[in-house]
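Everything on this sheet refers to the single structure shown next.
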Amino acid sequence: MGNVRSCASIAALICLVSLLGTTGCSRHDGPVVLNIDAGRYDEAFDAAIAAARDAGLTAEFLDRRGGIIETEPHVASSLLEPWAGDKASLGQAVEHTMGVHRRIARFEFEPVAFARMQADDAVLTGPAVVTGDLDAVDRTAYTGPIEIRIWVFLEELSRTGQRPSTWSRQMTSQFTQPATEGDDAPLPRQWWTSTSRDPDFERRLLAAVAQRLQSPGDS
C-alpha cells in the first residue's frame, strides 16, 4: 500500500509540473454574456450544444422554444489527468484532485427586453438554485435581439463515513455515523451536494459558442 501511495504521489507531482507548464494559474477571459440577432438563434442554439459536447458535457434537456439547454453531470478532471482541458486554473485542478466534483451546465437564451438584470461586478457564485421565472416568449418566433448566458454548477461527491480534508495525509478521514433511535432507514452510501458556480468555465463555454458563430462550418 505504501508503494502505491508513493507512486501516486510521484505521478501527481509529474502532472502538477506538466499542468504548470501548460495552464499555469491563469483564468479564462471569455465573455459573461453574448448578444445575437434573432435570425441567428437556431445557429447559436446548435453552436451551444456543440460547444458543450466539446467540453465533455452532453446535452440532456433541450427546449428550443423556451431557450434552455441543460447538460448531464460530468465529473471534473484532476491533476492525474493533465490531458483533460476542463481545468481553468491550477487551484481548481488541485481542488478537483482533493475531492470528486462534477459540473452541470445550463444555457439560457433570453430576449434582451426580458433578460434578468445581473451586474458583472457582483457575480453570484452560490449553489444551483433555478427559480423557473423565465418568460413565455417563443424564441423561435421572436424578432428582437437575444442574449446568451451560461450557468455552470459544481457538485461535490460525499460518502457516508468519509470526511475529505486537505490537511490529512491521506486526504480523507473516517468517522462513524451514530445510530438514530427509531430510524431504520438505511443511509445512502454516497450523494452529490451542490457547492458553487464555476464562472471561469462559464466564460470558456461562452467563448467557444462565440467562436463557432464566427466560423459556422464548425457547428
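The values are calculated or read from the model by the stated rules, or taken from the named source; none is laboratory data. Owing to the predicted nature of the structure, the values given are computational and were not obtained by experimental measurement. So basically every Cβ, Gly included, is an ideal-geometry build from the backbone, and we count neighbours across all protein chains shown.
Name the residue that is surrounded by the fewest Cβ atoms within 10 Å (Cβ to Cβ), counting only residues in segment 99-113 that are within 16 Å of Phe153 (Cβ to Cβ) and aliphatic (A, V, I, L, M). Step through it out loud before you land on a result.
Let us first name the residues in segment 99-113 that are within 16 Å of Phe153 (Cβ to Cβ), namely 99-108.
With aliphatic (A, V, I, L, M) added as a condition, the list becomes 100, 104-105.
Working: Val100: 17, Ile104: 20, Ala105: 26.
Ranking the candidates gives Val100 first.
Being closer than 19 Å to Asp46 by Cα, of a type outside the set (A, V, I, L, M, F, W, C) and modelled with pLDDT of 80 or more narrows it down to one residue among Arg197, Arg203; which is it? Quick ask: steps written out before the conclusion?
Details: Arg197 fails: closer than 19 Å to Asp46 by Cα.
Exactly one residue qualifies, and that residue is Arg203.
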